[in-house]
C-alpha cells in the first residue's frame, strides 16, 4: 500500500524521497478532476444537440474599488505564503505530523507578508484598471459548460462536508474519543454522504442559474460514476480500512486467470497500521492484515468504470430526459448493496435484522432509480 505519494513515487520509480502528501486525499482530488472533465464533455455534447442553451447573466464590468475584497485577498495570500514557505523551510517538522503542522501557528512570517503585499498590490492594480464611479453591469450569454468549474467546486466542498458528517454519524463512538482527529484526518469519508450533500448543493446552484435540473442530472450521471471509479482507488491504494471481510479460502479454479491479490489481499503497509507488524520493515506504516480480505474498493472501482461506459454510450439512445441519471444511481446502488455483503462495516439493528448505513442508502437509491425511470417515462407518454 501507499499511505503517501512519496511511497507511491518511490515504488514506481525506485527513488527514496520523503513526500508526505496523503495518497487518499490526492486521489480524491483526482476524482473531482475526473468528474469535471467528464461533466464538461457531457454539457458540450448536450449543447450541440440543442438540449441545453445559454442564459443571460449580469457580469460586473467596472465599479468603485472594493477595499474589503483586496484585504480578504491579502489575508488569503498571507496564509498561503505563511504555510507553503513554512513547509519549505521546516520540511522535516512538517513530515513528522502533517495535520498538526497545517493547523498549528507555525510558518514563515516574512514570506507570508511578502506574498500578501504582492497579492493585495495586484488586486488593487486590477481594481484601478476597471474603476468607475458607479457599478456597471453587462448582460452576457453564458453556456452551461462554462460553469463546470463552479459546479465541481460546489459539489466538492459540499461533498467533503457531507462525507465527513455521514462518516461521523456512522462511527460516532470514534468521533467522541478524538473529535479533532475524526474531523481533520485525511481518511474517514462516506461516499453516499458526499453524494447526497453534493446533489442538493448543486441542485440549489443550478436553479439560481436557470439550468434545467433533469438535463444537468443526465449530464452529471457519467461524471458521478467516473469520479466514483477513481475515488474508490483512494481506499485501495492507501489501505484506509474500507476493505472486505476475511477471505482465507483458496482461489477457486474458475478464477485461475486473475491474480491472487484480486481474490484476497493482506494490505501491507496500510495507512491505519492494521494487523501484525512486518518484521523487515521500519518506519510508520509497517503492518499488514493477519488474514487476507476481499479487496472490495477495487471491485467497486471496476464495476463503476463499467457502469460509466454503459451510461456514457447509452446517453444518445435514451430520449427521456432524466432517465440516464436514475439508471446511473440505480446501477451504483445495486452494486454497492451486494458489495456490502463482503465488506467490513458498522451494523445497525432494525428489529431482528442487521443492516449497514450503506445498505440502507444503496437500496434506497435502487428504489428511487426504478421509481424515477417509471415516472419519467409515463410523463413523456402523456
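Quickly work out the residue 18-to-residue 291 label distance, labels modelled 7 Å from Cα along the C-beta direction, and quote it in nm with one decimal.
Taking the two extended label points, one gets 3.8 nm.
Rg/Rh for region 65-131: what does it come to with C-alpha atoms and Rh from Kirkwood? If you can, show how the numbers build up before the last one.
On the way: Rg = 14.3 Å, Rh = 12.6 Å.
Over the Cα atoms of region 65-131, Rg/Rh equals 1.14.
Listing 230, 154 from the residue with the fewest other Cβ atoms within 10 Å to the one with the most, what is the order? List each step's numbers first, then the result.
Working: 230 21, 154 18.
With the sparsest Cβ surroundings first, the list reads 154, 230.
Fewest Cβ neighbours within 10 Å first, please rank 356, 4 accordingly.
The fewest-first ordering by Cβ neighbours comes to 356, 4.
Quick check: residue separation of residue 33 and residue 71 times 0.36 nm, minus the Cα distance between them. What number comes out in nm? Could the numbers behind the result be given before it?
On the way: separation 38, 0.36 × 38 = 13.68 nm, distance 2.99 nm.
This chain segment gains 10.7 nm when fully extended.
What percent does the relative contact order of region 65-131 come to when contacts are Cα pairs within less than 8 Å and at least six residues apart?
It rounds to 52 percent for region 65-131.
In a solvent-free Debye calculation with one equal scatterer on each Cα, what is log10 I(q)/I(0) for the chain at q = 0.06, 0.10 Å⁻¹, listed in the order of the q values?
Debye intensities relative to I(0), on a log10 scale: -0.30, -0.82.
Roughly how many nanometres apart are two label points built 7 Å out from the Cα toward the Cβ at residue 263 and residue 109?
Label-label distance for residue 263 and residue 109, simple model: 6.3 nm.
Note down the relative contact order for the chain as a percent, whole number, built from C-alpha pairs under 8 angstrom at least six residues apart.
In percent, rounded to a whole number, it is 18.
Fewest to most neighbouring Cβ within 10 Å: what's the order for 277, 174, 343, 232? Spell out each step's value before the answer.
Working: 277 10, 174 15, 343 21, 232 25.
Fewest-to-most Cβ neighbours within 10 Å comes out as 277, 174, 343, 232.
If R0 is 51 Å, what FRET efficiency do you get for residue 173 and residue 282 from their C-beta distance, rounded to 0.05?
Numbers: r = 32 Å, r/R0 = 0.64.
Calculated transfer efficiency: 0.95.
Taking a virtual spin label 7 Å from the Cα of residue 314 along the C-beta vector, which residues in region 205-237 bring their backbone nitrogen under 20 Å of it?
214-230
Suppose the Debye formula is applied to equal point scatterers at every Cα of region 234-338; what is log10 I(q)/I(0) at q = 0.12, 0.18, 0.23 Å⁻¹?
Summing over Cα pairs of region 234-338 leads to -0.55, -0.91, -1.17.
Quick check: from the Cα gyration tensor, does region 1-88 come out rounded (a/c under 1.5), prolate or oblate?
Working: a/c = 4.70, a/b = 1.28, b/c = 3.67.
Oblate shape, in that a/c is at least 1.5 and b/c is the bigger or equal ratio.
With r defined as the distance between the Cβ atoms of residue 274 and residue 374 and R0 fixed at 41 Å, what FRET efficiency is calculated, to the nearest 0.05?
The pair residue 274/residue 374 has a calculated efficiency of 0.40.
Round to a whole angstrom and tell me the spacing of the C-alpha centers of region 278-320 and region 1-57.
Taking the Cα centre of region 1-57 as reference, the centre of region 278-320 is 16 Å away.
Where a number appears in this text, it was derived from the coordinates with a stated rule and is not lab data. It should be emphasised that the depicted structure is a prediction, and the values quoted were computed from it without experimental measurement. FYI the Cβ positions are ideal-geometry reconstructions off the backbone, even for glycines, and counts take in every protein chain you see.
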